[in-house]
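Peer 1: Take a look at the following structure, please.
Since every read-out is calculated from the coordinates, none of them should be taken as a lab result. Everything numeric here is computed off the predicted structure, so don't read it as measured data. Heads up, the Cβs are rebuilt from the backbone with ideal geometry, glycines too, and the neighbour counts pull from every protein chain shown.
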Ligand SMILES: *Cc1c(COP(=O)(O)O)cnc(C)c1O
């Protein structure tokens, strides 16, 4: 059996230690430089709320490999399910010889996603692939070409999802031309909107009017197959739209025959204190894209939605060699069992209270923290120059690096690179999370 790392922060060497430094040298000679890593350490094992590196340093994990290991790293139910499946068969291709695991994951997704209507699912390999397929399905259903995405949106790194993604560096610069018929509309960003118009920041319906105006005037509803939107924007800065924004946009989509695609790749599976973030506003989207947290670390993505829309593409129009790989499906069934049986939705709510309280207190004494926001175990601080709303990307970078050296994994995000985001695994203890927040506060105080 694998032994999980001790659940404590421990610095055995400087970070990075000698083992990591040596691996970094090999990497520089072997790995394309376009792939970068946030941390300077190389991982040996991980579990609970800790990542242990090759030098024996144990870091508190407030990143979950970007919201993936929601059920914990090497979670026992995932490991057991994978072990069993990998010994039976590793691949047949569902398009060649199907198997139960794929069907069971589709059933679970149809049951767990919001909406009391008949649903279908398709399984894929990644979040980007899920978004690509949702757009294919929406175009096939509506017979319309255009797709709308939003300012600060992130949807992946394939050609179509680059087009949907808002931020040029590092995601798009030099990689065009991008897929045509993709448009961008303003969304709802309460902290930044409040600097322009307090009402716009408070009332999501006002923000939706602005959005809908752009959709109607610059695209035309008759041309629009789908809107693709993250219910809480992830890479864009953990932006929670003003209440009412998403329901107003959904209602407009319904009235105009536009497919509403919720990209829940980052927010799905208990992360935000609900099984899916759309539930916070009582919404049932037409299609939901999932990936990241679905498989406890194994690569899997999915599109789930209304049966009539999902079944629009012709037979054999959807698929892929690895999509819904049996080992990934086994992992997902283990991970979803952990989410449900261990009430990780409730646990995310507890972590939200712990993080919010601590960070709000920190904000009261530090005017470089412009905003504290997020939901569940998806909480962020937006850093600005003292007493202004000017983004401070340098401070953000320095703070993240200081936390890493002190043995705490935090990630950054935001269109302006000035947001520190916290995405702990839901299996982390209160004590470890509190210690991680203490380190964050201490390091910020020293900068
Ligand atoms: C990470 C992410 C994606 C892309 O997922 P990949 O698995 O990296 O392709 C798409 N949408 C959102 C909201 C994401 O956070």
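Peer 1: Report, in whole Å, the centroid distance computed from the Cα atoms of region 70-117 and region 1-46.
Peer 2: Region 70-117 and region 1-46 have Cα centres separated by 30 Å.
Peer 1: Now for a different question. At 222 nm, what value in deg cm²/dmol follows for the chain if DSSP H runs of at least 4 each add -39500 (n - 2.57) and the sum is divided by all its residues, to the nearest 500? Don't skip to the answer; put the middle values down first.
Peer 2: On the way: 15 runs with 168 residues, N = 447.
The helix-only estimate for the chain comes to -11500 deg cm²/dmol at 222 nm.
Peer 1: If you don't mind, another one. Applying a 10 Å radius around every beta-carbon, put 27-36, 87-96, 251-260 in order of their mean neighbour count, most first.
Peer 2: Details: 27-36: 8.2, 87-96: 12.4, 251-260: 18.3.
Highest to lowest by the protection proxy: 251-260, 87-96, 27-36.
Peer 1: Okay, moving on. Report, for the chain, the % of DSSP beta bridges that are antiparallel, rounded to 5.
Peer 2: Details: 33 of 49 bridges.
Close to 65 percent.
Peer 1: Let me ask something additional. Enter the Cα centre distance for the pair region 131-201 and region 332-384, rounded to the nearest angstrom.
Peer 2: So the two Cα centres are separated by 25 Å.
Peer 1: If you scale each eigenvalue of the Cα gyration tensor by 5 and take the root, what three semi-axes come out for region 179-318, rounded to whole angstrom and sorted largest first?
Peer 2: Numbers: eigenvalues 125, 85, 33 Å².
The three semi-axes for region 179-318 are 25, 21, 13 Å.
Peer 1: Of all DSSP beta bridges in region 78-342, what percent run antiparallel (nearest 5)?
Peer 2: Numbers: 11 of 25 bridges.
Taking every DSSP beta bridge with both residues in region 78-342, the antiparallel ones total about 45 percent.
Peer 1: On alpha carbon coordinates alone, what is the Rg over Rh value for region 78-342, Rh being the Kirkwood radius? Working shown, then result.
Peer 2: Numbers: Rg = 18.2 Å, Rh = 18.7 Å.
Rg/Rh: 0.97.
Peer 1: Regarding region 116-180, what's the average projected area of the Cα-atom convex hull, expressed in nm²? Before the final figure, lay out the partial values.
Peer 2: Working: hull surface 22.2 nm².
Projected area, direction-averaged: 5.5 nm².
Peer 1: Can you give me the Rg/Rh ratio for the chain, using Cα atoms for both radii and the Kirkwood formula for Rh? Please report the intermediate quantities before stating the final value.
Peer 2: Working: Rg = 21.4 Å, Rh = 22.4 Å.
Rg/Rh for the chain comes to 0.96.
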